[in-house]
Amino acid sequence: GENVEQHPSTLSVQEGDSAVIKCTYSDSASNYFPWYKQELGKRPQLIIDIRSNVGEKKDQRIAVTLNKTAKHFSLHITETQPEDSAVYFCAASWAGNTPLVFGKGTRLSVIA
Amino acid sequence: GAVVSQHPSWVICKSGTSVKIECRSLDFQATTMFWYRQFPKQSLMLMATSNEGSKATYEQGVEKDKFLINHASLTLSTLTVTSAHPEDSSFYICSAREVVLMPQHFGDGTRLSIL
């Protein structure tokens, strides 16, 4: 089955700096890669996703890149703000038809 | 759009009690719903996948007689933790998907504490 590795487990950045979180997946058939943000005690919220037919997707300060050959994808947050502090999870699935397999999460702290 | 409602948000009960958690898709029809369990500071672990009108598919290691899942309609799935014990205490989250290739949307979760 699919296995998703996520790094780093914790990340601290100064407000205004960029943050990068990286994930690798094992199943080359996976072709859907969402990122979720989870604040303490709350639901995971979808912040961006990418499908394997594109290499990069951007939404304001958030971008995701995908390297199918290397089987890794990354989340980039620019101009970080304190409200970006949360746990971020990457995930992977095949054709959206299989359940999402999540990484272990990255606890991002943005220091004002 | 794509709102998933989960109730109750918090349950505290005695050991041996059965607890039912509801997951509803409010503004879309969810052909598939998923149930996850999350321990503190850990990732989401898939427990089971349920498709409307059919039996749930459980992940390895999840006791189907312990965690009963029903997906009787396109907007409602329920998880019943039967004869709950302290080790069942956890944060349970459902998610719903309208059709394949569509994103999964999560409920607010249920924090279950068994005394």
**OP:** Taking A:Thr69 as the residue in question, decide whether it is surrounded by fewer than 19 Cβ atoms within 10 Å (Cβ to Cβ), in a strand (DSSP E or B) and more than 14 Å from chain B (Cβ to nearest Cβ).
**Re:** no
**OP:** Could you tell me whether any residue of segment B:33-52 is farther than 24 Å from A:Val101 by Cβ and either touching a Cys at 6+ places or on another chain (Cβ under 7 Å) or acidic (Asp, Glu) (or both)?
**Re:** no
Original post:
Identify, please: which residue in segment B:85-98 is touching a residue at least 60 places away in the same chain (Cβ under 8 Å) and of a type outside the set (Gly, Ala, Ser) and is, among those, surrounded by the fewest Cβ atoms within 10 Å (Cβ to Cβ)?
Top reply: B:Pro86
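Do any strands (runs of 3 or more DSSP E) lying entirely in segment B:1-84 carry at least 1 residues that are without any contact (Cβ under 8 Å) to a residue 60 or more places away in the chain, out of contact with any Ser or Thr (no Cβ under 7 Å at 6 or more places or on another chain) and of a type in the set (Gly, Ala, Ser), and which ones are they? Spell out the reasoning first.
Details: elements: B:4-7, B:10-13, B:19-25, B:32-38, B:44-51, B:67-73, B:76-81.
Those strands (runs of 3 or more DSSP E) span B:67-73.
Only one residue in A:Val87, A:Val110 is surrounded by 18 or more Cβ atoms within 10 Å (Cβ to Cβ) and either under 27 Å from B:Tyr92 (Cα atoms) or within 12 Å of another protein chain (Cβ to nearest Cβ) (or both), so which one is that? Quick ask: steps written out before the conclusion?
On the way: A:Val110 fails: either under 27 Å from B:Tyr92 (Cα atoms) or within 12 Å of another protein chain (Cβ to nearest Cβ) (or both).
Residue meeting the stated conditions: A:Val87.
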**OP:** Quickly run through segment B:20-36 and pick out the residues that are surrounded by 19 or more Cβ atoms within 10 Å (Cβ to Cβ) and not hydroxyl-bearing (Ser, Thr, Tyr).
**Re:** B:Ile21, B:Cys23, B:Arg24, B:Ala30, B:Met33, B:Phe34, B:Trp35
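When you check A:Pro34 against the structure, is it assigned to a loop (DSSP other than H, G, I, E, B) and within 14 Å of chain B (Cβ to nearest Cβ), yes or no? Quick ask: steps written out before the conclusion?
Numbers: assigned to a loop (DSSP other than H, G, I, E, B): no; within 14 Å of chain B (Cβ to nearest Cβ): yes.
Considered against the rule, which asks whether it is assigned to a loop (DSSP other than H, G, I, E, B) and within 14 Å of chain B (Cβ to nearest Cβ), A:Pro34 comes out as no.
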Original post:
Which number in (1) within 14 Å of another protein chain (Cβ to nearest Cβ); (2) within 30 Å of B:Ser90 (Cα to Cα); (3) of a type outside the set (Lys, Arg) marks the one condition that A:Ile50 misses?
Top reply: (2)
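Only one residue in B:Thr57, B:Thr80 is among the β-branched types (Val, Ile, Thr), at pLDDT below 95 and touching a strand residue (DSSP E or B) at 6+ places or on another chain (Cβ under 7 Å). Which one? Can you show your working first?
Details: B:Thr80 fails: at pLDDT below 95.
Only one candidate passes the filter, namely B:Thr57.
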Subject >> Residues satisfying the stated conditions in segment A:8-28, i.e. surrounded by 13 or more Cβ atoms within 10 Å (Cβ to Cβ) and closer than 19 Å to A:Ser93 by Cα >> reply: A:Ile21, A:Lys22, A:Cys23, A:Thr24, A:Tyr25, A:Ser26, A:Asp27
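Residue check: is A:Pro82 at negative phi and within 14 Å of chain B (Cβ to nearest Cβ)? Quick ask: steps written out before the conclusion?
Working: at negative phi: yes; within 14 Å of chain B (Cβ to nearest Cβ): no.
Taking the combined requirement at face value, the residue does not satisfy it.
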Original post:
In segment A:90-107, which residue that is in a strand (DSSP E or B) and out of contact with any Gly (no Cβ under 9 Å at 6 or more places or on another chain) is farthest from the other protein chains (Cβ to nearest Cβ)?
Top reply: A:Thr106
**OP:** Please find, within segment B:76-109, the residue that is farthest from the other protein chains (Cβ to nearest Cβ) out of those that are among the β-branched types (Val, Ile, Thr) and in contact with an Asp or Glu (Cβ under 9 Å, 6 or more places away or on another chain).
**Re:** B:Thr82
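Among the residues in segment A:89-99, are any among the hydroxyl-bearing types (Ser, Thr, Tyr) and under 14 Å from the mean Cα position of the chain (by Cα)?
Kept after step one, since they are among the hydroxyl-bearing types (Ser, Thr, Tyr), are these residues of segment A:89-99: A:93, A:98.
This time we only want the ones that are under 14 Å from the mean Cα position of the chain (by Cα), so: A:93.
There is at least one residue in segment A:89-99 that is among the hydroxyl-bearing types (Ser, Thr, Tyr) and under 14 Å from the mean Cα position of the chain (by Cα).
Assess whether B:Thr75 counts as being in contact with a strand residue (DSSP E or B) (Cβ under 7 Å, 6 or more places away or on another chain), among the hydroxyl-bearing types (Ser, Thr, Tyr) and over 21 Å from B:Leu26 (Cα atoms). Steps first, answer last, please.
Working: in contact with a strand residue (DSSP E or B) (Cβ under 7 Å, 6 or more places away or on another chain): yes; among the hydroxyl-bearing types (Ser, Thr, Tyr): yes; over 21 Å from B:Leu26 (Cα atoms): no.
Judged against the criteria, B:Thr75 is not a match.
The values are calculated or read from the model by the stated rules, or taken from the named source; none is laboratory data. Bear in mind that the values here come from a model prediction, so they are computed numbers and not experimental data. All Cβ positions, even for glycine, are placed from backbone atoms using ideal geometry, and neighbour counts span all protein chains on display.
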